[in-house]
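Each value in this text was obtained by applying a stated rule to the coordinates, not by laboratory testing. All values derive from a computational prediction rather than experimental measurement. Neighbour counts are summed over all protein chains in view; Cβ atoms, including those assigned to glycine, are modelled from backbone coordinates with ideal geometry.
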Amino acid sequence: VRSPAGASLLLGLYWAVLHLPLFFIPGTYQYDLSLASSATAFFFVSVLATSFLYTWILLRGRGSILACILFHWGVNLWGQLLDPGPLADAVRTVIWVVVALVLILSWRRQAQHRSAPA
C-alpha cells in the first residue's frame, strides 16, 4: 500500500475485525447491539471511516501513536458520557464518512501536485 487512503482502508478493515469479539462479551457497547441491526452497520462504517482520521492524525503528528491513542480515548469517552442513542450514532457516522471523504480528496490532490511536472 503506497497511499494514505489505501493504508486507511486496510487499517479500517483490520480494526473492524478486531472489534468483532466485543459483540460477544457482556458489558461492552457492542454486546448491546444486535449483529443484524442498523446500529451495528453504523458502528462498522464509523470504524472504517474513522481509520482515515487516525491516519491523518498519525501523519500530522509526525508518527505519534500517542496522538492516535488520545483521540481514540476521547471518542470512547464522548460516547460513554453522552450515551448518544441511535439517531446520534447515525449522525456521527455521517460526520466520520464526510471527514474520510475530505481526507481522501485532499490526499489525491496532494498526490496529483507531487506528480505534476514542474
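Some notes on this structure:
- Counted as membrane-span-like here are DSSP H helices of the chain whose alpha-carbon atoms extend 24 Å or more along the helix's own axis and whose Kyte-Doolittle mean is -1.0 or above; these are 38-60, 65-82, 85-115.
- Note on the chain: the alpha carbon radius of gyration divided by the globular reference 2.2 N^0.38 Å gives 1.17.
- With the highest mean first, a sort of the peptides 110-117, 90-97, 49-56 on other beta-carbon atoms found within 10 angstrom per residue produces 49-56, 90-97, 110-117.
- Cα gyration tensor, region 11-68 - rounded (a/c under 1.5), prolate or oblate: prolate
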